[in-house]
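To keep things clear, I will list the structure first and then write my remarks on it.
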Amino acid sequence: MEKYENQIPTDMRMGLTTIFSLLRDTLFKTAKLKPAANIDVETFRLADEITVPNGTRVTWFGHSAFLLEIEGKRLLFDPMLGTRIPWVGAKRYSKNLPLQPEDFPAIDAIILSHDHYDHLDYSSIRKLKDKANRFIVPLGVGRHLIKWGVASEKISEHQWYEELVIEDLTLACMPARHFSGRGLFNRNSTLWCSWVIVGRETRVYFSGDSGYGPHFKEIGDTYGPFDLTMMECGQYDERFLIHMKPEETVQAHLDLRGQLLIPIHWGAFTLAFHLWTDPIERVTKAATEQKVKIATPKIGETVVIAAKEIPSNAWWRK
């Protein structure tokens, strides 16, 4: 079985001390790891046709799932739209979704960053598979989709630094610092990645899951500046390096030469032992200190990238 590696050393082995500390936190550290009540989301209505073909807008669905409408195309990223993450058991904070997967109209492409359960969800793919014209994934991830009923001719797999063109859009599969696997014995058997999306007028970057590393500056030097970066900022822990801390999220955005930052990988599930609001509180504080333009939309609220006013309310405090 082929194994993939990070660009720089990333030790994910856990000694007994780390394992015992994680077990301790699992048993005893539960206060405020999730909201006290279901959080509200914005209802999202998606027309059959894109009404602003030259505009670019993004709608976040919680965690890392978002819809990018760019230059006449609809791209859906990491659509974990289920109510609970299998194996982990983490339950979604909101009772409803902005839009149910079965209610989506046609999607030009579903794009995946890696095969972890909180990014690649069986139930979501089964409901979306006939709505998507194609699936764009890193190496090895296609076999999951084929097993779940996605036609092989709709799937394209890509390695780091590989570009593909969809009419006027260029997509580039780029490095991330993470790992993969959906079981005990298949770690790193598929590739993980981040994505660059370049249109005629707009450039967007999606971090996928990634610890901080030199790849952000490399990508910024090659493809930047970016009009929008969708950057993970949650589910971090000092005991492992596979996710960024919020301050690193802001630094990575600067490395990428990003203009507008939307922090993701928070607000839907508890997968780490920090308070559920820590990621957004810390990332907005760091963004303010670094004079970074940041949007904090509610789940389901659409952000128009070129708009003069962007969502900035601290809705999570309410």
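Consider Ala295 carefully, then state whether it is within 22 Å of Leu67 (Cβ to Cβ), touching a Gly at 6+ places or on another chain (Cβ under 8 Å) and of a type in the set (Gly, Ala, Ser).
For Ala295, the condition - within 22 Å of Leu67 (Cβ to Cβ), touching a Gly at 6+ places or on another chain (Cβ under 8 Å) and of a type in the set (Gly, Ala, Ser) - is not met.
The sole residue among Ile125, Ile219, Ile155, Ile136 that is touching a strand residue (DSSP E or B) at 6+ places or on another chain (Cβ under 6 Å), open to solvent by less than 10 Å² (accessible area, probe 1.4 Å), more than 20 Å from Leu256 (Cα to Cα) and among the β-branched types (Val, Ile, Thr) is Ile136. For region 80-94, a tally of residues being open to solvent by 20 Å² or more (accessible area, probe 1.4 Å), in contact with an Asp or Glu (Cβ under 9 Å, 6 or more places away or on another chain) and modelled with pLDDT of 95 or more returns 0. Residues that are over 21 Å from Pro79 (Cα atoms), open to solvent by 30 Å² or more (accessible area, probe 1.4 Å) and in a loop (DSSP other than H, G, I, E, B) within region 278-306 comprise Gln290, Lys291, Ala306, listed in sequence order.
The set of residues in region 192-203 that are surrounded by 24 or more Cβ atoms within 10 Å (Cβ to Cβ) and aliphatic (A, V, I, L, M) contains only Ile197. Among the residues making up region 76-118, a single one is over 28 Å from Gly183 (Cα atoms) and either touching a His at 6+ places or on another chain (Cβ under 6 Å) or assigned to a strand (DSSP E or B) (or both): Ile107. Of the strands (runs of 3 or more DSSP E) lying entirely inside region 155-267, those carrying at least 3 residues that are modelled with pLDDT of 95 or more and not hydrophobic (A, V, I, L, M, F, W, C) are 155-158, 226-232, 258-264.
Surrounded by fewer than 22 Cβ atoms within 10 Å (Cβ to Cβ) and touching a Ser or Thr at 6+ places or on another chain (Cβ under 6 Å): is that true of Arg239 in this structure? So Arg239 fits the description; yes.
Just one of (1) at positive phi; (2) modelled with pLDDT under 95 fails for His274. It is (1). Taking the stated definitions as given, is Glu5 of a type in the set (Asp, Glu), assigned to a strand (DSSP E or B) and either over 25 Å from Leu139 (Cβ atoms) or modelled with pLDDT of 90 or more (or both)? Considered against the rule, which asks whether it is of a type in the set (Asp, Glu), assigned to a strand (DSSP E or B) and either over 25 Å from Leu139 (Cβ atoms) or modelled with pLDDT of 90 or more (or both), Glu5 comes out as no.
Residues of region 119-133 that are assigned to a loop (DSSP other than H, G, I, E, B) and either touching a Pro at 6+ places or on another chain (Cβ under 9 Å) or within 11 Å of Leu145 (Cα to Cα) (or both): His119, Leu120, Asp121, Lys129, Lys131. Tally time: how many residues in region 127-155 are more than 19 Å from Ile197 (Cβ to Cβ) and of a type in the set (Phe, Trp, Tyr)? Total satisfying the criteria: 1. Total residues in region 170-185 satisfying the condition of being of a type outside the set (D, E, K, R), surrounded by fewer than 20 Cβ atoms within 10 Å (Cβ to Cβ) and touching a residue at least 24 places away in the same chain (Cβ under 8 Å): the figure is 2. Collect the residues in region 250-271 that are open to solvent by less than 20 Å² (accessible area, probe 1.4 Å) and touching a residue at least 40 places away in the same chain (Cβ under 8 Å), keeping them in residue-number order. Scanning region 250-271 gives Val250, Ala252, Leu256, Gly258, Leu260, Ile262, Ile264, His265, Trp266, Gly267, Ala268, Phe269.
Restrict the check to region 137-151 and report whether at least one residue is out of contact with any Asp or Glu (no Cβ under 8 Å at 6 or more places or on another chain), within 18 Å of Ser207 (Cα to Cα), assigned to a strand (DSSP E or B) and free of Cβ contacts under 8 Å to residues at least 60 places away in the same chain.
Taking every residue of region 137-151 in turn, none turns out to be out of contact with any Asp or Glu (no Cβ under 8 Å at 6 or more places or on another chain), within 18 Å of Ser207 (Cα to Cα), assigned to a strand (DSSP E or B) and free of Cβ contacts under 8 Å to residues at least 60 places away in the same chain.
Identify the residue in region 107-122 that is open to solvent by 10 Å² or more (accessible area, probe 1.4 Å) and of a type in the set (Ser, Thr, Tyr) and, among all such residues, is nearest to Phe185 (Cα to Cα). Only one residue fits best here, namely Tyr117.
The values are calculated or read from the model by the stated rules, or taken from the named source; none is laboratory data. Values in this document were obtained by computation on a predicted structure and should not be read as measured data. A quick note on method: Cβ atoms are made from the backbone with ideal geometry, for glycine too, and the neighbour counts reach across all protein chains shown. Just the protein is used for accessible areas: all its heavy atoms, side chains included, with ligands, DNA and RNA removed. Shrake-Rupley method; radii C 1.70, N 1.55, O 1.52, S 1.80 Å.
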